[in-house]
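Scroll down for the structure; my scribbles are underneath it.
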Amino acid sequence: MDELLRDFLVEAHESLDTVDTELVRFEQEPNNAESLALIFRLVHTVKGTCGFLGLPRLAALAHAAESLMGKFRDGMPVTSDAVTLILATLDRIKDILAELERHQSEPQGSDSDLIAQLDGMAQQPAADTSATPMEAAALTATQTQESKAAGHSIRVNVDTLEHLMTVVSELVLTRNQLVDLSRHRQEPALQVPLQRLSQVTAELQDSVMRARMQPIGQAWQKLPRLVRDLSAELGKPIDFEMQGADTELDRQVLDLIKDPITHMVRNAADHGIERPAERRAAGKPEKARIRIAARHESGYLVVEIADDGRGLDRAKIAAKALSRGLVTQADLARMSDAQIQRFILVPGMSTASTVTSLSGRGVGMDVVQTNIGRIGGAITLHSVQGHGCTIAIRIPLTLAIISALIVEAAGERFALPQACVMELVRVRPGGEHRIEYIKAAPILRLRNRLLPLIHLRSLLRLGEDSARQSESGFVIVTRVGAEMFGIVVDSVFHAEDIVVKPLASMLRHIPAFSGATILGDGAAIMILNADGIATAFGSSPVADTDAVISGDETAAVALKPKTSLLVFRAGEGTRCAVPLSLVTRIEEVEASAITPSGDRYLVQYRGGLMPLIKADADMRIKDSGRQPLIVFSDGERTMGLLVDAIIDIVDAHLDGAIADARPGVLGSAIVNGETTDLIDIAHYMPLFSDTRSAA
Amino acid sequence: MTACDQIVTVTVGRQLFGLPIARVQDVFKLHRITPVPLAAEHVAGIVNLRGRLITVIDLRRRLAMAGNNADAGMAVGIEYGGESYGLMVDAVGDVVSLDGTSAEPVPVNLDARLKDVASAVHRLPAGLLVMLDVERLLDLKASEWAA
């Protein structure tokens, strides 16, 4: 392509995007002389260059638009119709530019329709000529400022910049290698030049990084126009506000967050904001607000998208999660609002009841979550029903080179980005900090709170699946969004600047990893994704029990990994078992304390009455002595299952389970060589649904 | 396949396989493979090859061949979809030229996992050579199902 033409295309695209933004702003502030001056100058430049390059269609369109804007400058009132018309003209110009880029010549066609409208509007007599006239001073001021900046910057091809980054990355790797070598070999003569090399490399890395930085406003350029169009299409007046558009971040990251941000703004306008009538009824101003703000926060960029719409509907999300089988009613009762709101980040959870042309096209917040997670970012939600929703994304400023902690689990090394590490805690049995267990869940007491832990070894299924993990090692206290948790590793080496390399598509589906890197000693290791690890909490252990409680026979048969079972005996029949994870407590009460009440039994338990039911209709309750029972609770309700004897707790595969039609029995499986009935707790719980009022 | 194609021969579990030479970037000795936890069964791990990260595919597992991998495995480097892969094999043989005359369609009774990725079978004096289709071998979706 002709060099001249290419430059023109690049410049024209940039100019037109700016004009889009500025026009929308100008429509709201018709007295903003600076804004109008900028628009005028950009359109004028495009027109001038078109004439020069022999592009008559573009020149004619730009000329007509310029004439109309000239009238604005002379004091013609700015109407919404006029702005819409100019925006339409800009769209036509963009279409022609796209064709021009493909075929290197202007496409055939006529623009007389638009030109006639533009001219017609420009001919209208100015109703109010007393409007503030343009201040010529402002125009000249901006122009001089612009030309000064032009002298200090040059255009660099993105590929050149990318290549520079790759080379610097290689340099960093080589430097790391040298440092690693010198650590083993005490060569005093090497120390000084090596230190110098290290310093220069760091400086170079920093400069190249800075060259790649761009203001985030670039990703927002199309947003004012988008919101304006949506506002018109949906009939919802919206005030759009942008803050911190000059906050800088790596251009690679910028490219990756452009779509997620657009998607979220669109969501806010389409789903978040109510119709004007609805807003009036709720006592809110008719004109809604969407605000997008960016700021730097300790090595991260935080982008907030806030609206004052209806907020997330807890009940709707909960119902959807329930119908999709993601949680049980019991889980929901225990969950906080924040936990329930996070379900919107799970695939297939769009709660929009109607699919509009704008959103609800099958891609939703889960895609945003995936994209943000992939670049090591995190999403936090804050929503108050009826008052609006704020979504904040936290992303690293750069992806190319990050500081990471090198850790080890089961003999394998992994890199954990420093940015998500809050602190390191050494744990060992009998030490100041030690790992405690609540059932199978490892917990660490850290100052005044309980920190849920996850063993990296078991998360990644490394080594033999020993029931008890080694109790000594390090807990890496990690924060993702508002959630804190600890990752248990065997040892922690050192921190190293690592060059992040993307994973092959074949490995990209594993949420625990975000990339790979090469260490100073030449080893290739995986980079852990704290966000992905966070999703392992709650989801994996709950998923197993779900299948059992749901009472779905096929699900029970399909249970995959080992399940901890509480095995007990009741009546003459076969042994019975329930998943240990559903059991709240194993108790023994005085048999004399149990009183019959209708067809069930009651016992005084912890200052209240607890309903009891026999695990087997034929079993006999003891007359004296201590009666064993298994206590279950779902949220506030508590019930006891009367059994003859507790036998054992075993880990068993339920692969071969056979479904059963008997009420209260999920199916049968071989546990420790004996046929065992799997009891369906979900069947018993509702039998007590009326006891709360009675108790 | 054109009339005369150059192919690289490799062996996995005494079976001869062929890869189109146009797809082969390099041949290298594997050492220090880092396993990738939770990855598909046929992913042997990642490896650092002169500063490049390569995803190593265990061809024996991928093709469901019997036997164990040799200690010092060889790998054939292949670029697919802008990503670098290494196919782990027992040994790398010669570059041979094949004309179309020795090619036969893939026999119907082949193991399904092998049949999916085979493009032809050649009758060679040394034995039967199975031509592999690199696209299908490394196709994410197909390989996920196979795993």
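The values are calculated or read from the model by the stated rules, or taken from the named source; none is laboratory data. Source: prediction; values computed, not measured. Counting neighbours? That spans all protein chains shown, and the Cβs are built from the backbone with ideal geometry, glycine included. For the accessible areas, the whole protein counts, side chains as well, though only heavy atoms, and no ligand, DNA or RNA atoms are used. Shrake-Rupley method; radii C 1.70, N 1.55, O 1.52, S 1.80 Å.
Annotation: peptides A:495-502, A:440-447, ranked by per-residue average of other Cβ atoms within 10 Å with the highest first, follow the order A:495-502, A:440-447. Ranked by the mean number of other Cβ atoms within 10 Å of their residues, highest first, the peptides A:27-38, A:519-530 come out as A:519-530, A:27-38. Compared with its chain on its own, the stretch A:399-445 contains the following residues whose accessible area drops by 30 Å² or more in the full protein assembly (probe 1.4 Å; ligands, DNA and RNA excluded): A:Glu412.
In order along the stretch A:253-259, the phi-based Karplus estimate (6.51 cos²θ - 1.76 cosθ + 1.60, θ = phi - 60°) of 3J(HN,Hα) comes to 5, 3, 4, 6, 9, 4, 5 Hz; Gly and Pro are listed as x.
Taken residue by residue and averaged, Cβ atoms of other chains lying within 10 Å of the Cβ of A:502-514 number 6. Here's how it looks for A:Gly244: its modeled amide H is under 5 Å from those of A:Ala294, which are all 5 or more places away or on a different chain. Phi angles across the stretch A:572-578 convert, under the Karplus curve 6.51 cos²θ - 1.76 cosθ + 1.60 with θ = phi - 60°, into 3J(HN,Hα) values of 7, x, 6, 5, 10, 8, 10 Hz, Gly and Pro given as x.
If the limit is 23 Å between Cα atoms, which of A:Lys236/A:Lys320; A:Lys94/A:Lys258; A:Lys94/A:Lys222; A:Lys258/A:Lys316; A:Lys47/A:Lys94 go over it? Beyond 23 Å between Cα atoms: A:Lys236/A:Lys320; A:Lys258/A:Lys316. With Cα atoms as the point set, the radius of gyration and Dmax of the protein assembly as shown evaluate to 33.7, 106 Å. For A:Asp239, the amide hydrogen comes within under 5 Å of the amide hydrogens of A:Ala288, A:Arg289, A:Ile290, counting only partners 5 or more places away or on other chains and with H modelled in the peptide plane.
Can you give the mean number of other chain Cβ atoms that lie within 10 Å of the Cβ atoms in peptide A:523-535?
For this peptide, the per-residue mean of nearby foreign Cβ atoms is 2.
Using Cβ point charges alone (K and R +1, D and E -1), the dipole size of the stretch A:1-102 about the Cα centre works out to roughly 320 debye.
Summarising the amide proton neighbourhood of A:Arg324: residues at separation of 5 or more, or on other chains, whose placed amide H is nearer than 5 Å comprise an empty set. Take each residue of peptide B:41-50, count the partner chain Cβ atoms within 10 Å of its Cβ, and average: the result is 4. When the accessible areas of A alone and B alone are added and the area of the pair subtracted, with a 1.4 Å probe, the result is around 2000 Å², both sides summed. Calculation over all alpha carbon pairs of the stretch B:1-91 in 10 angstrom steps from 0 returns a P(r) of 16, 51, 29, 4, 0 percent. Protein heavy-atom surface of the protein assembly as shown, 1.4 angstrom probe: 53% of the accessible area is carbon and sulfur, with nucleic acids and ligands not counted. Shown here: the stretch A:31-87, whose C-alpha atoms stretch 34, 22, 16 Å along the first, second and third principal axes, sorted largest to smallest. Each Cα pair of the stretch A:1-56 feeds into the Kirkwood radius, which the Stokes-Einstein equation turns, at 25 °C and 0.890 mPa s, into a diffusion coefficient of 204 µm²/s.
Each Lys or Arg adds one and each Asp or Glu takes one away; over the other residues whose Cβ falls under 10 Å from the Cβ of B:Tyr80, this sums to -3.
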